[in-house]
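Accompanying notes for the structure given below.
The numbers here are math on the coordinates, done by the rules we state, and not lab data. It should be emphasised that the depicted structure is a prediction, and the values quoted were computed from it without experimental measurement. Neighbour counts run over all protein chains shown; Cβ positions are idealised from the backbone, glycine included.
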Amino acid sequence: MSWFLFIILAVFTLGGGLGVVITRNVVHAALFLLVSLVAVAGVYLILFAEFLALVQVLIYGGAIIIVLLFAIMLTRTAEYPYISDNRQWPLAAIAAAGVGVVLGAAFWINGVSQSTPNSPTFSELSNSLFTRWAIPFEVASLVLLVALIGAIIIARAGEDSR
């Protein structure tokens, strides 16, 4: 049963990621990202990592999507018709296919190991988050803050030119 749920969630995760890349509407891309992030939270639930699933939904599914939507709303939408497609997309498609082949081959060669669910204790998880992963979380928050400030500056610059 968990294998079937994993396949369903993997399809939603990959479909959401593909939707982010393919869609031309930025708001739709944010919603596809939300689908992908919630599906990843479902994978965490299959792995009996309830805390990580909750953090995934609250922080990534909630806060980051809201920040992205605010940044989209604050940017100038009048420039969208003038944005052209990138001419390097065939190279990106080849690179993505190559990564997919390598990951697929690694999965096919190593197979799936059967193990029992092992949920970490809250103290182990908190020690890991606040020691080993504290700096990456802070860097991610700074990147999002800079993106939001940049969107505000771009939006204000557009108001001055009117």
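What the table below lists for this structure:
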read-out: Within region 103-131, tally of residues that are under 21 Å from the mean Cα position of the chain (by Cα) and either of a type in the set (Asp, Glu) or more than 17 Å from GLN56 (Cα to Cα) (or both); value: 2
read-out: Scan of region 53-73 for residues that are among the hydrophobic types (A, V, I, L, M, F, W, C) and surrounded by 19 or more Cβ atoms within 10 Å (Cβ to Cβ), ordered by number; value: ALA53, LEU68, ALA71
read-out: Unique match (being in contact (Cβ under 8 Å) with a residue 40 or more places away in the chain, within 24 Å of ASN118 (Cα to Cα) and crowded, with 19+ Cβ neighbours inside 10 Å) among ALA49, ALA39; value: ALA49
read-out: Of all residues in region 1-36 being more than 20 Å from ALA63 (Cα to Cα) and in contact (Cβ under 8 Å) with a residue 40 or more places away in the chain, the one that is nearest to the chain's Cα centre (by Cα); value: PHE6
read-out: Out of THR23, THR13, sole residue that is in contact with a Phe, Trp or Tyr (Cβ under 9 Å, 6 or more places away or on another chain), farther than 29 Å from SER123 by Cα and among the hydroxyl-bearing types (Ser, Thr, Tyr); value: THR23
read-out: Flag if ILE135 is of a type in the set (Val, Ile, Thr) and in contact (Cβ under 8 Å) with a residue 40 or more places away in the chain; value: no
read-out: Output for region 110-138, where each listed residue is within 22 Å of LEU47 (Cβ to Cβ) and either touching a His at 6+ places or on another chain (Cβ under 6 Å) or among the aliphatic types (A, V, I, L, M) (or both); value: VAL112, LEU125, LEU129
